[in-house]
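S.K.: Sharing a structure with you now.
Readers should treat all values here as calculations from the given coordinates under stated rules, not as data from a laboratory. Because the structure is predicted, anything quoted here is derived from the model rather than measured. Because the Cβ atoms are built from the backbone with ideal geometry, glycine has one as well, and the counts that use them run over all protein chains shown.
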Amino acid sequence: MYDVFISYIHEDEEAARGLYDFLRAKLKEITVRTAPNIFLSSERLQLGDNWPQTIQEALKSATVVLAIFSVESVNRPWVNFEAGGAWFAEGKTLIPLCIGKLRPEHLPKPYSDICGINLGDVSSLLYLVKRLVDVFKWPGLPPPFFQEKDEDVKRLMKAISLWEKANETSN
């Protein structure tokens, strides 16, 4: 059973991994429970797994789907398939996260109708963490204001920067 499912394409794995590490650290820090159970395919899939079945089960069980959209991924079927599954499913929250040059307001419909964030914007990270805490009704402290000097934020921004360098021609 997963709390959060991170949807991304292989080429965006650096950013997805940074988000995964950031959320595990921040949500564990501010909640009185253990870190949330987050599905990241590169972290969870093992040799011999029936990967479509594993992804389907994880997507079904997750309450929140964080769809990472880049200029490249927005036109790829897999992220749209996973995000679309969340969009149509009752009781799921879909949150579009944009990286690179893509902005939430420039996403195709129906994603542009859903409030999303630019993952590279430090001030937006607070809204993301607050939303997750609200969705799960986790008891704990209110999220602190994140600043660029925060070590978890630095690691996420570094991951996004590495992704941007690797994708300079398409992002």
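S.K.: Given that just one value was derived from the coordinates, which of [x] 13; [y] 19; [z] 22 is percent of Cα pairs over 29 Å apart?
M.R.: [x]
S.K.: Follow-up. Put +1 on the Cβ of every Lys and Arg and -1 on every Asp and Glu Cβ in segment 2-86; which of GLY48, ALA16, VAL64 then has its Cα farthest towards the positive end of the dipole?
M.R.: Result: VAL64, furthest along the dipole toward the positive end.
S.K.: Gaussian network model of the chain, Cα springs within a sub-10 Å range: biggest mean-square fluctuation belongs to which of PHE22, PHE39, PHE88?
M.R.: Of PHE22, PHE39, PHE88, the most mobile in the Gaussian network model is PHE88.
S.K.: If the cut-off is a Cα-Cα distance under 25 Å, which lysines reach LYS60, setting aside same-chain residues fewer than 8 apart in sequence?
M.R.: LYS26, LYS28, LYS92, LYS109, LYS130, LYS137
S.K.: Charges at C-beta only: +1 for Lys and Arg, -1 for Asp and Glu. How large is the resulting dipole of the chain about its Cα centre, in Debye rounded to 20?
M.R.: With Lys and Arg at +1 and Asp and Glu at -1, about 360 debye.
S.K.: Using DSSP H assignments, which helices in the chain have an axial alpha-carbon span of 20 Å or above and a mean Kyte-Doolittle hydropathy of 1.0 or higher?
M.R.: 122-136
S.K.: So, one more: Scan the chain and hand back the longest stretch that contains none of the GluC sites (Glu not before Pro) lying in DSSP loops with at most 11 other Cβ atoms within 10 Å.
M.R.: By the stated rule (loop sites, at most 11 other Cβ atoms within 10 Å), 1-89.
S.K.: How about segment 76-143: which trypsin sites (Lys or Arg not before Pro) there are in a DSSP loop, with at most 14 other Cβ atoms within 10 Å of their Cβ?
M.R.: LYS101, LYS137
S.K.: Under 10 Å, Cα contacts only: if you run a Gaussian network model on the chain, which one of ASP152, ASP49, ASP12 comes out with the highest mean-square fluctuation?
M.R.: Ranking ASP152, ASP49, ASP12 by mean-square fluctuation puts ASP49 first.
S.K.: Turning to a different aspect of this structure: Return the single residue from ALA159, ALA15, ALA89 with maximal mean-square fluctuation; model: Gaussian network over the chain, springs between Cα atoms under 10 Å.
M.R.: Among ALA159, ALA15, ALA89, the largest mean-square fluctuation in the Gaussian network model of the chain belongs to ALA89.
S.K.: Hey, another quick one. Rounded to the nearest 5, what is the percent of antiparallel bridges among the DSSP beta bridges in the chain?
M.R.: Of the beta bridges lying entirely in the chain, close to 5 percent run antiparallel.
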